[in-house]
Structure formats: structure tokens, C-alpha cells
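Down below is the structure, laid out as C-alpha cells.
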Amino acid sequence: MPCADYDWKGFVLQEIPPAERRRMEEHLSGCAACRQEVEALGLTIVAVRRLPQQPIPRRLAFVSDPVFELPWWKRLWRMPAPAWGFAAACVVAAAIFAHALMAPPPPRAVAQYDPAALEKAVQAELERRLPARLEAAVRTQIAPAMAQVETRLAAFEQRMETERRADLRDVTSAFELLQKRINNVYLATAQYGGD
């Protein structure tokens, strides 16, 4: 019997007579494709059984029910022309009102200033702001050079420290050598009877 002749849905729902069920189980033990189909049907049955139970509706919906009302954006396009005219007039009135609120104030009369007093005020403000700005500019210009000098100074100090340690080792080894020679002379004089 070919695979297509078996009723796998009936097998999963256990609607098949026992004799035919045994034949189908024997076929399943040797056919991987049919086993996959039975597993998929079993998963589908499990998923359907886990769905929540919904009550059956008691009445049918009618065209007059609010379920069939158009959404607001569709109803907006069906407005009559006078309503559109009123809406446009409201938008224009709101734009005029907003423009009136945001318009710049009318220009004021410009007072006449004394040039000498104005120059004196500018000079005072310049004297007040210039030192701080000048110091900040000098700092920004000198800061990289100072950093470079500090880096070179640190490298020079490191090199000098290395050379000092090397010189100290040389002097220490020279003193040790001199001490050994003095000890040898002292031993030689003591051995051969000198003072």
C-alpha cells in the first residue's frame, strides 16, 4: 500500500479501526516521511487544543452596527464643502493670531550717543576682557611647548639617572678593586715581614 493511501489524520485523531491502525504503525516504523507527517499533525493537534475557548456569538452583526462605521480619516474626506470652508477659515485665523504673537516689536527710537563716552566705554571693556583672553590664548599656544619640554626633561632626567647608576657601579667596582689590591699588598707585607 503506497504512503498516500494512509489516512494519517484519522490515525492521529484515533478514528481508525485497530486492525488498520496496526498496519499503519508497522508502516511508520519503516517510513521516515510518514513519521514526520504524523509528528507534524500531532503538533498541530496539540497547538489547536491549547487555543483559548471563545464563546459563540449570540447574534449576527448588521450594517447599522457601529462595527461598520468608517474610521475618522475616511469620514474626514466625506465632509461637506461648507465644513471644509469653515475649517480653512479657522486655520487662517489661527495663522494670523500666531503671526501677531510672534511678530517683532516695533523699532524704538535710537538714542544719540556721545562718541567720546562710547570710546571710553569700549576702552574700559577692552581693558577688562583683554588680560583674561590674552592669558588664555598664551596658555593655549604655550601648553603644547610646555608639554614637550616636560617630556624632554623627564627623558633627560631618566637618562641622567641611568648614567649616574652606571657611574656609581663603576666607582664601586673601582673601589672594590683598589681595596683588593690594598689587601693583597697588606698580606704580602705581613707575609714577608714588612711593617
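Structure summary
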quantity	calculated
Residue order, fewest to most beta carbons within 10 Å, for Arg75, Arg21, Arg50	Arg50, Arg75, Arg21
Rounded, prolate or oblate (a/c below 1.5 giving rounded, otherwise prolate when a/b exceeds b/c) for the range 88-161 by Cα gyration tensor	oblate
Per-bin percent of Cα-Cα distances, the chain [5 Å]	1, 4, 4, 4, 3, 3, 3, 3, 3, 3, 4, 4, 4, 4, 4, 5, 6, 6, 6, 5, 4, 4, 3, 3, 2, 1, 1, 0, 0
Difference of contour (0.36 nm per residue) and Cα-Cα distance, Asn183 to Arg22	46.7 nm
Sorted by Cβ density within 10 Å, fewest first, the residues Phe156, Phe11	Phe156, Phe11
For the range 3-51, with +1 on Lys and Arg beta carbons and -1 on Asp and Glu, the positive-most of Ala33, Gly10, Thr44 along the dipole	Thr44
Surface/4 estimate of mean projected area, convex hull on alpha-carbon atoms of the range 3-51, nm²	3.3 nm²
Gap separating the Cα centres of the range 98-151 and the range 4-35, nearest whole Å	94 Å
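We did not get these values from a lab; they are worked out from the coordinates using the rules stated. Keep in mind that this is a model prediction, so the values were computed, not measured. Note: ideal-geometry Cβ built from the backbone for every residue, glycine included; neighbour counts use all protein chains shown.
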